Amino acid sequence: MGKFILVTGGARSGKSSFAESLAQKSNNENGVLYIATSIPFDEEMKKRVKKHREQRPSGWTTLEAYRDFDVKLGEVGAGKKYILLDCITLMVSNIILEKCIDWNILPENAECEAEQEVTCEIEKLLSAVKALDVTFIAVTNEVGMGIVPENKLSRIFQDIAGRVNQMLAKNADDVYFCVSGIPVKIK
């Protein structure tokens, strides 16, 4: 892997804008692959996706996916200098929700299976990016700085996302924590 930069922070902390500014340093719009992991399932999310599309350069290639990067990145990542994935926590949510819709009535081992599947997808992502020798920028949410959530699904998500963030930060060359629009380098 050329370089791996992890950008984390709370909601509306400026992490996506900062990550996009890092990718724009390539001075080559065609050299950026933007991976969007969200699934716009309601009007609010559709508006968010539209806003994100409008704010990034039109020359960037977009891949809308949240899994199977070992297959997908080889097709669209070749020749790119930067890959920006926004965001890891939506990727985690999507995979968790595939495992079970009603997390109050959990099938046996569902939580463990969900975490194993998320970890597997993260490992495939890191391997695929490494094979391309690019600057990889991943955006994630810091989910562990508030109270422990009341409902089971939120606690499971917080636990898995927290462990994934630790795994990513360990593998990253640089880690930035965004607070009130200000990126602070922490690694």
Beta bridges per DSSP with both ends in the chain, % antiparallel, nearest 5: 15
Work from the charge dipole of region 60-155 (Cβ charges, +1 for Lys and Arg, -1 for Asp and Glu, about the Cα centre) and give the residue of 88, 138, 118 farthest towards its positive end. 138
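Please compare each pair in 99/124; 25/51; 46/130 to a cut-off of 25 Å on the Cα-Cα distance and tell me which ones are over it.
Values: 99/124 19 Å; 25/51 21 Å; 46/130 31 Å.
Violating the 25 Å Cα-Cα cut-off are 46/130.
Return the tail of the calculated pair distribution for the chain, meaning the percent of Cα-Cα pairs more than 23 Å apart.
Value for the chain: 41 percent of Cα pairs lie more than 23 Å apart.
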Can you tell me the dipole magnitude for region 97-137 around its Cα centre, using point charges on the Cβ only (Lys, Arg +1; Asp, Glu -1), in Debye to the nearest 20? 260
Compute, for region 77-147, the length of the dipole vector about the Cα centre, with Cβ point charges of +1 (Lys, Arg) and -1 (Asp, Glu) only. Units Debye, rounded to 20. 520
Accessible area expressed per residue, region 71-132, with surrounding protein chains retained (probe 1.4 Å, Å²): 49
How do the peptides 4-11, 110-117 rank, highest first, by the average count of neighbouring beta carbon atoms within 10 Å per residue? 4-11, 110-117
Taking all protein chains as present, what is the carbon and sulfur share of the accessible area of the chain, in % to the nearest whole number, probe 1.4 Å? 51
Treating only the Cβ atoms of Lys and Arg (+1) and Asp and Glu (-1) as charged, compute the dipole magnitude of the chain about its Cα centre; round to the nearest 20 debye. 860
Alpha-carbon centroids, region 138-160 and region 164-187: separation in whole Å: 17
When the solvent-accessible surface of protein heavy atoms is calculated with a 1.4 angstrom probe, in what order do 132, 73 fall, highest first? 132, 73
Using the Kirkwood radius over Cα pairs, work out the Stokes-Einstein diffusion coefficient for region 84-187 at 25 °C and 0.890 mPa s, in µm²/s as a whole number. 165
What is the helix-to-structure angle for 88-99, meaning the angle in degrees between its Cα long axis and the longest Cα principal axis of the chain, kept from 0 to 90 and rounded to the nearest 10? 40
To the nearest 10 degrees, how steep is helix 43-55 against the longest Cα principal axis of the chain, on a 0 to 90 scale? 20
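The values are calculated or read from the model by the stated rules, or taken from the named source; none is laboratory data. This is a predicted model, so every value here is computed, not measured. No Cβ is skipped: glycine too gets one built from the backbone with ideal geometry, and neighbour counts run over all protein chains shown. All accessible areas refer to the heavy atoms of the entire protein, side chains included, with ligands and DNA or RNA removed. Shrake-Rupley method; radii C 1.70, N 1.55, O 1.52, S 1.80 Å.
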